[in-house]
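Only one structure is covered here, and it is reproduced in the block below.
The values are calculated or read from the model by the stated rules, or taken from the named source; none is laboratory data. Computed from a prediction, not measured in an experiment: that's the story for all the values here. Here Cβ is always computed from backbone atoms with ideal geometry, including for glycine, and neighbour counts include all displayed protein chains.
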Amino acid sequence: MTDQPPPPGAYPPPPPPGSSGGYQPPPAPSAPGSAYPPPPPPPLPDGASYPPPPPSAGGYAPPPPGPAVRALPTDSYTPWLTRVLAFLIDNAPYAVVIGIGVGVMFATQQKTCTSDVTQYDVNQYCVYQPSTLGQVVQWLAWLVGLAYLVWNYGYRQGTTGSSLGKSVMKFKVVSETTGEPIGFGMSVVRQLAHFVDAIICYVGFLFPLWDAKRQTLADKIMTTVCLPI
């Protein structure tokens, strides 16, 4: 009678190499219906790193941190003299427009004279009054100047961070917390906040000379800083 091979499954499988005991089954899946854990990723070269994993479904992904504008050294902020020069450049077009309006008003004045006749003397008195044309030109100049200020300090500075003068002097106004321009509305409010700098005998405009972040009082109120471009 010949020997027949044992049926399949009669003998236990051999233990894995290097083990001292019996066979140990592979680890169970982490959740019902899920696959086995993937193998560890291969090592990366020095200085390289894997990208962060995407947020899980329904989870909250925190926003990336903004630039550390609060922690910059004093020399990283725009100097006071640079800000003064930018202010003069910004207001030069406004002064020209207003000057044209005032010049036209004075050039078109009308002279009105009255005589005072008495028993012993005749006196004549003359006064100058602005003409209708001069008044219209002056009011148009004020409107154009106001529109320029709103566009320059509100729209342009609020969206790009730099007014005309700041662009020439190569710096911008940004939020201290985000490092981005503060927008149209907040930029207009920041200009109005300069009233605080002026009401204390204009000392608030001198704060950048000694302040660690070279901020005026309006900057501190609006949490803005001026940074070179």
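Structure data summary
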quantity: Odd one out for residue 177, checked against (1) more than 18 Å from residue 153 (Cα to Cα); (2) buried (at least 19 other Cβ atoms within 10 Å of the Cβ); (3) not small (Gly, Ala, Ser); calculated: (2)
quantity: Test result for residue 167, touching a strand residue (DSSP E or B) at 6+ places or on another chain (Cβ under 8 Å) and polar (S, T, N, Q); calculated: no
quantity: Checklist (1) in contact with a helix residue (DSSP H, G or I) (Cβ under 6 Å, 6 or more places away or on another chain); (2) modelled with pLDDT under 85 applied to residue 124, failing item; calculated: (1)
quantity: Residue match in segment 172-194 (condition: among the hydroxyl-bearing types (Ser, Thr, Tyr), at pLDDT below 95 and out of contact with any Phe, Trp or Tyr (no Cβ under 6 Å at 6 or more places or on another chain)); calculated: yes
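Here is a yes/no grid of residues against (1) closer than 23 Å to residue 75 by Cβ; (2) in contact with a Ser or Thr (Cβ under 9 Å, 6 or more places away or on another chain):
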residue: 162; (1), (2): yes, no
residue: 192; (1), (2): no, no
residue: 201; (1), (2): no, no
residue: 218; (1), (2): yes, yes
residue: 223; (1), (2): yes, yes
